[in-house]
Structures are given as structure tokens and as C-alpha cells.
Amino acid sequence: MIDLAHGKFTGKRLVVLGCGYVGAALAREGVERGMRVTALTRNTEKAAALRVDGIQVVVADLATDTWHAQIPGGPDYVLNCVSSGGGGAEGYRRSYLNGMASMVDWLRARGAAGTAVYTSSTSVYPQGGGIRVDETAAVDRLAERPGVLLATEDTLLGTSEAAARRVVLRLAGIYGPGRHHLLEQVQSGEVAGQGDFHLNLIFRDDICAAIWAAFGATAATEIFNVADDGAATKMEIVTWLAGRLGVPEPQFTGGPAAGRRAVTPDRIIANGKLKSLTGWLPSAPTFREGYEKILSL
């Protein structure tokens with residue numbers, strides 16, 4: 001098990017590229033740990049809020065090179081958790097693949113990082129049928145969006161000049177404070193997808209904990225799934241939420257959620273590798289603990 005105590009990171013330099021839901025939380029945690037934190041974001045409002053918390057901020061598009069001269073190279077830790085930013089398939093490629101290429105060029109030119117982490121997605125796995133999926137499972141390189149994510153992973157993992165240690169975290173469905181998509185669907189009486197499919201989730205704070213664990217990993221390259229221990233069906237989760245909210249059990253549409261092309265396949269994302277190699281444990285091992293935290297706010 002690695003040492004996740006705050007003292008391990010005190011005085012170290014952290015660069016966070018992409019300060020959305022996860023990146024902003026991680027940057028703030030870095031300040032709390034006594035780190036020197038620099039963040040890159042496209043959003044001027046987010047930049048202002050981050051500066052209030054003692055974070056040095058550069059406003060720019062990761063996929064460009066305009067920021068390269070503004071952030072010194074050689075950070076102890078760098079996190080790339082940029083979001084797609086819309087724009088369809090081309091926007092997806094620009095944000096993820098072009099963004100990673102820009103990050104690698106910056107590190108090559110300005111000085112390699114000690115450890116670089118990229119937050120990818122479990123959507124790279126095509127498996128269904130309720131099977132258990134670990135990091136050895138086949139991935140889908142032919143589908144458009146999974147293919148972009150995998151090419152982005154490869155760009156980091158295959159470039160030793162960018163960082164001494166390079167880690168990919170494949171995240172399950174993200175939820176947490178302020179992200180209430182499923183709660184809102186339950187309250188509306190209609191939930192996307194199918195009730196008998198498993199819903200793989202990960203609480204935002206547990207993602208941050210996984211990133212800190214990845215920063216402490218010793219292997220040169222590694223891929224980890226990041227999901228809770230729940231392996232619950234969507235019906236189980238929705239029934240519990242409806243009871244907790246005091247509303248009737250909603251109906252399932254059978255179709256994908258808004259903005260998605262297809263229903264997420266029925267599978268169970270295994271998190272055993274992350275636990276065994278880093279000592280990471282989720283604070284919300286099932287949806288119950290996570291949603292109780294949300295509902296208590």
C-alpha cells in the first residue's frame with residue numbers, strides 16, 4: 001500500500017490540465033496538501049474561482065500550444081482530465097487526442113514530468129451480457145469515440161520522454177455533489193436505459209483518491225479501472241433512490257440517455273487491480289454511501 005498522507009506531496013508541483021468537475025476538485029485538494037498547483041482551463045469563470053483558492057491559472061485551449069510558454073515544464077505531477085467540450089466527433093478528437101498530443105509536446109520541450117495521469121473512460125470496453133470486465137479485457141478500437149480515447153491513452157503510455165511514470169485511469173459513470181442526473185430522472189418518473197443492466201458508478205471524491213494513488217504508483221506504465229464495489233443493477237439503484245426520495249418508482253425508457261448514441265452495455269467493471277497495486281479503497285463502495293452523501297448536502 002502506498003503512503004497517501006498529505007506530507008508525501010507537500011512542496012511538490014502539480015499541473016492540472018482541464019479543470020472541470022474532477023480536475024477542479026483535485027486542484028483544490030492539491031492546495032490542501034501543500035502543493036504548488038497550476039491549472040489550465042478554457043473557462044474564465046472557473047479560472048477566477050480557482051484563483052481565489054490559491055491556484056495559479058492559465059486560460060487556454062489544451063489542444064493549442066499557446067499555453068506552453070506560460071507553464072514551466074518538469075512538474076512532479078501532471079493530470080490530464082480535460083472534457084470533450086462539445087463539437088461532436090471532431091470536438092471529441094480535438095479535446096482528447098489533440099489535447100494529449102499538445103501535453104506531450106509541452107513536456108518534451110519544457111521538461112518531463114515525474115508522473116503523468118490521464119482520466120480515460122470504461123466506455124473503451126465493448127463487452128455486455130453482464131460479464132466482469134478487468135483491464136485485460138478486449139477494447140473497441142474500431143468504434144469512433146472509444147477509438148479516440150484509446151489513441152489518447154496510447155499517446156501518453158508510449159511516450160517515455162513525457163514522464164517517468166505514466167498512468168491511465170478508466171473511469172466508470174461519475175456522480176457526486178452537484179451532479180444529479182440520475183436523481184433528476186428518478187424524480188421525473190422516467191429513467192433512461194434498462195433496469196436489469198448493471199450501472200457502474202464512481203463517486204467524484206473516490207476518483208480524486210484514485211488519482212492520488214496513481215501519483216504514488218511505482219510502475220513506469222499502468223492502466224487501472226476506477227469503479228466502486230457496487231455492481232448493482234439500475235433497477236436496484238433506482239428503486240432505492242425512489243424510496244429515499246419518497247417518489248413512485250419510475251419507468252425505464254429502454255433507450256439511451258440524452259446526448260448518448262446507445263445504452264451502455266450490461267457489464268461489471270472490476271476494480272481489483274487498483275486496490276491491490278495501490279491500496280486505494282472507495283469511500284463510497286456502493287451507490288448507497290455516495291447518494292447518502294449527496295442527499296445530506
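Odds and ends about this structure:
- Those residues of the stretch 122-152 which are part of a loop (DSSP other than H, G, I, E, B), without any contact (Cβ under 8 Å) to a residue 12 or more places away in the chain and farther than 16 Å from K273 by Cβ, in sequence order: R141, L142
- Boolean, T239 is surrounded by fewer than 17 Cβ atoms within 10 Å (Cβ to Cβ) and under 20 Å from the mean Cα position of the chain (by Cα): no
- When residues in the stretch 37-82 are screened for being free of Cβ contacts under 8 Å to residues at least 12 places away in the same chain and of a type in the set (D, E, K, R), 2 of them pass.
- For the stretch 237-270, residues that are modelled with pLDDT of 90 or more, of a type outside the set (F, W, Y) and not in a helix (DSSP H, G or I) total 16.
- None of G216, G246, G259, G178 is without any contact (Cβ under 8 Å) to a residue 24 or more places away in the chain, of a type in the set (G, A, S) and under 22 Å from G23 (Cβ atoms) except G259.
- In the stretch 58-82, of all residues being surrounded by 22 or more Cβ atoms within 10 Å (Cβ to Cβ) and either touching a Phe, Trp or Tyr at 6+ places or on another chain (Cβ under 7 Å) or β-branched (V, I, T) (or both), the one that is farthest from F9 (Cα to Cα) corresponds to V82.
- V78 meets the conditions (1) in a loop (DSSP other than H, G, I, E, B); (2) in contact with a strand residue (DSSP E or B) (Cβ under 7 Å, 6 or more places away or on another chain) in every case but one. The failed one is (1).
- Checking each residue in the stretch 269-292 for being basic (K, R) and within 15 Å of D134 (Cβ to Cβ) picks out K273, K275.
- Considering the stretch 99-135, and only residues there that are more than 19 Å from R261 (Cα to Cα) and of a type in the set (S, T, Y), the residue that is surrounded by the most Cβ atoms within 10 Å (Cβ to Cβ) turns out to be Y118.
- Among residues of the stretch 189-207 being in contact with a Pro (Cβ under 7 Å, 6 or more places away or on another chain) and surrounded by fewer than 18 Cβ atoms within 10 Å (Cβ to Cβ), the one that is farthest from L274 (Cα to Cα) is G189.
- Checking each residue in the stretch 115-150 for being under 25 Å from D61 (Cβ atoms) and either acidic (D, E) or touching an Asp or Glu at 6+ places or on another chain (Cβ under 9 Å) (or both) picks out T115, Y118, S120, S123, V124, E144, P146, G147, L150.
- In the set L50, L40, only one residue is in contact with a Phe, Trp or Tyr (Cβ under 8 Å, 6 or more places away or on another chain) and of a type in the set (A, V, I, L, M); that residue is L40.
- F224 falls short of the stated requirement of being touching a Gly at 6+ places or on another chain (Cβ under 6 Å), at negative phi, at pLDDT 95 or above and among the aromatic types (F, W, Y).
- Index of the failed condition, A164 passing every other in (1) of a type outside the set (S, T, Y); (2) touching a Phe, Trp or Tyr at 6+ places or on another chain (Cβ under 8 Å); (3) assigned to a strand (DSSP E or B); (4) surrounded by fewer than 20 Cβ atoms within 10 Å (Cβ to Cβ): (2)
- Test: residue in the stretch 83-98 that is in contact (Cβ under 8 Å) with a residue 12 or more places away in the chain, among the small types (G, A, S), touching a helix residue (DSSP H, G or I) at 6+ places or on another chain (Cβ under 8 Å) and crowded, with 20+ Cβ neighbours inside 10 Å: no
- Those residues of the stretch 37-57 which are in a strand (DSSP E or B) and crowded, with 17+ Cβ neighbours inside 10 Å, in sequence order: V37, T38, A39, L40, T41, V57
- Matching residues in the stretch 178-229 - criterion: being part of a strand (DSSP E or B), of a type in the set (S, T, N, Q) and out of contact with any Asp or Glu (no Cβ under 9 Å at 6 or more places or on another chain): T221
The values are calculated or read from the model by the stated rules, or taken from the named source; none is laboratory data. Quick caveat, the model's predicted, so the values are computed rather than measured. Cβ atoms come from the backbone with ideal geometry, glycine included; neighbour counts cover every protein chain shown.
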